[in-house]
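Just below is one structure, and these are the notes that go with it.
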2 protein chains.
Amino acid sequence: MLCGLGDDCAVVRLDSPILVTTDVLVEGVHFRRGWGTPRQLGRKVFAVNASDIAAMGGRPFYALIDLRAPLKFPLRDLENIYRGFRGAAARHGVVLVGGNTSRAPQLSVAATLLGRARGGYVTRDQCRTGDDLYVTGSLGLAAMGMLALRAGRKADAAVRRFLEPPSRVGLAQTLVRTGLLGGMIDVSDGLLSDLDHLCTASRVGAVVEAARIPLAQAYRQARGRDIRLALTGGEDYELLFSARPTFSRLVARLSSTFRCPVTRIGRIAAPRQGIRLLAPDGRHLPLPVGGHDHFRVGGRRRPTHKKPQ
Amino acid sequence: MLCGLGDDCAVVRLDSPILVTTDVLVEGVHFRRGWGTPRQLGRKVFAVNASDIAAMGGRPFYALIDLRAPLKFPLRDLENIYRGFRGAAARHGVVLVGGNTSRAPQLSVAATLLGRARGGYVTRDQCRTGDDLYVTGSLGLAAMGMLALRAGRKADAAVRRFLEPPSRVGLAQTLVRTGLLGGMIDVSDGLLSDLDHLCTASRVGAVVEAARIPLAQAYRQARGRDIRLALTGGEDYELLFSARPTFSRLVARLSSTFRCPVTRIGRIAAPRQGIRLLAPDGRHLPLPVGGHDHFRVGGRRRPTHKKPQ
């Protein structure tokens, strides 16, 4: 950083190609006050943005924060959001170089991250028919945590998973360096929705084997084999990617190195097949491409994380 | 641009040093719905951010937009905000590469701009005692326009000035290339407030000659010699900078080339003098450094454009 906080702009050095992303958490839409601590909120905003950088195989280097709060919002809480963000950034080697605070009727925290993809980057549009389809970590627990928070519960594994998303930045960079990846995206809107984004961008279809979808222990204990939340819940911030068949040889070592499951959940198929879900009992459930609204979980208002078209 | 809208991140090429800034307009804080058209709002968000890039002598290259609106907000208006922003960006050769739309209780539009300073950049902390103090354009008209809008008036020169800030991007780059500049800032919080930022960063004082402050014709017609709004109103988005004494020889040509007044309004002084205003009648009005709240115009709630410290 050449010039940071306190001037009109930040001035940074960063080699091209540069990755840049921005994402936001709004009170009453993505969280309610009191669901987590202010520090957790700051950390989550960092994580949500870092997940976008990870999804392209990059590493974040610089951050800007956009903090908005009502006049009466406690200054200490504002400072703790900021500290949480800066701490998470520091743990990723990211320097907070600027931002903006503003009065606003609702609390909201947004960030912009600048990153780099030293060994190349992955886009959404490179999935090929015949690729295997993988996901990192487990799915559905964050959505379960959000439902728990809405119901007034606080401290369990699902709630923690919602409040503290994982970082797949290191794993993603390694994935890209294998040279075997097709397309990649992070799972923020829910598996089926983000798979739809991936398939639409790549003009392919996909088959998902329901029984292969990785579920956390806490998820299975609460929901057994009901995978609906894992399919549609969102806020997992795991990586969903396609890879050439030979990638399967690397999975065990990658999972072990990063202490993170990497699970094959299906395969990329011809475009005319759309997205199909192979049910545990063997039935095919045809799922329309672009129809992620059909999978909305009753009562849950999904966060909006759309890019402008 | 290597990869733009529709992936997790934008991927861009830009040589270092890179300038990056983010700023926001929030409904009910910085504007009210109906004050201008949606396109004007989009253009203003671009202008406000471009002004930060200009204030360091840079040129913007890439933009991200963060649009938030209630579910019931008309889609056509949202599209027109977006079009206004993209149009203003295009006129500056800036490519919109990404962003985020989200549901939120209030309408707000934020942007992040990435820019470059090819011929070097100017910071706030390089004012030296003995420098002359200059401002571009005229001051106070935008604040007058905001007061008019609050009072329910719509179409006059002041209102237009508030809704459509000027662009000083080209002029600022030329200023930097003279090699004669000290420190520079854009006037967003009001002349005295931003002069305070400049003096604090540079550890200097300043003397402002009230009679030299440039006022637009519409301002003088409405307010005569009452310069309070020109001193404190804010939202001018003009450049305030110090320059070595020899810079005075270039002023006429620069003003003519860019069709924009460049006016010497005072000089940089020793730090112990603080900021002093030389009144039209010759009196010295001592003004406390850091005390821009003292200049708040009655009834006007100033927008907050603070950087986190």
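What follows draws every value from the coordinates through simple rules; no lab data is involved. Keep in mind it's a predicted model, so treat the numbers as computed, not measured. Ideal geometry is used to build each Cβ from the backbone, glycine not excepted, and the neighbour counts take in all protein chains shown.
Tabulated data
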{"quantity": "Residue order, fewest to most beta carbons within 10 Å, for A:GLU79, B:GLU238", "calculated": "A:GLU79, B:GLU238"}
{"quantity": "Within 10 Å of each Cβ in A:132-141, the average number of Cβ atoms from other chains", "calculated": "0"}
{"quantity": "Test item: A:104-111 mean partner chain Cβ contacts at 10 Å", "calculated": "6"}
{"quantity": "Peptide-level mean, for B:51-59, of C-beta atoms on other protein chains within 10 Å", "calculated": "3"}
{"quantity": "Whether chain B is rounded, prolate or oblate, judged on the alpha carbon gyration tensor where a/c under 1.5 counts as rounded", "calculated": "oblate"}
{"quantity": "Anisotropy class of the protein assembly as shown from Cα gyration tensor, a/c 1.5 cut", "calculated": "prolate"}
{"quantity": "Crossing angle, helix B:191-202 versus chain B [Cα axis fit, 0-90 degrees, rounded to tens]", "calculated": "80"}
{"quantity": "Other-chain or far-sequence residues with amide H under 5 Å of A:GLY266's (modelled H)", "calculated": "A:LEU133, A:GLU209"}
{"quantity": "Dipole magnitude of the stretch B:62-157, debye to nearest 20 (Cβ charges: Lys/Arg +1, Asp/Glu -1, about Cα centre)", "calculated": "360"}
{"quantity": "Efficiency of FRET from Cβ geometry, B:LEU71 and A:ARG272, R₀ 41 Å, rounded to 0.05", "calculated": "0.75"}
{"quantity": "Inter-copy label distances at A:LEU250 (7 Å, Cα→Cβ; nm, one decimal)", "calculated": "5.3"}
{"quantity": "Euclidean distance of C-alpha centroids, the stretch A:163-219 and the stretch B:128-204, integer Å", "calculated": "48"}
{"quantity": "Label point at B:ASP281 placed 7 Å out along Cα→Cβ; residues across the stretch B:201-231 whose backbone nitrogen lies under 16 Å", "calculated": "B:210-211, B:225-228"}
{"quantity": "Exam field: A:ALA211 pseudo-label spacings to other copies (7 Å along Cα-Cβ), nanometres", "calculated": "9.2"}
{"quantity": "Dmax and Rg, reported as Rg then Dmax, of the stretch B:18-116 (C-alpha, Å)", "calculated": "12.7, 40"}
{"quantity": "Reachable aspartates and glutamates from B:LYS72, criterion Cα separation under 17 angstrom, eight or more residues apart if same chain", "calculated": "B:GLU27"}
{"quantity": "For the axis carrying chain A to chain B: nearest C-beta residue of A, whole Å", "calculated": "A:THR112, 2"}
{"quantity": "For the stretch B:174-183, 3J(HN,Hα) per residue [Karplus equation, 6.51 cos²θ - 1.76 cosθ + 1.60, θ = phi - 60°, Hz, x = Gly/Pro]", "calculated": "5, 4, 4, 5, 5, x, 10, 7, x, x"}
{"quantity": "Dipole axis of the stretch A:244-289 (+1 Lys, Arg; -1 Asp, Glu on Cβ), positive-most option in A:PRO245, A:CYS260, A:ALA270", "calculated": "A:PRO245"}
{"quantity": "Positive-pole candidate from B:ALA216, A:ALA210, B:LEU147, dipole of the protein assembly as shown, charges at beta carbon", "calculated": "B:LEU147"}
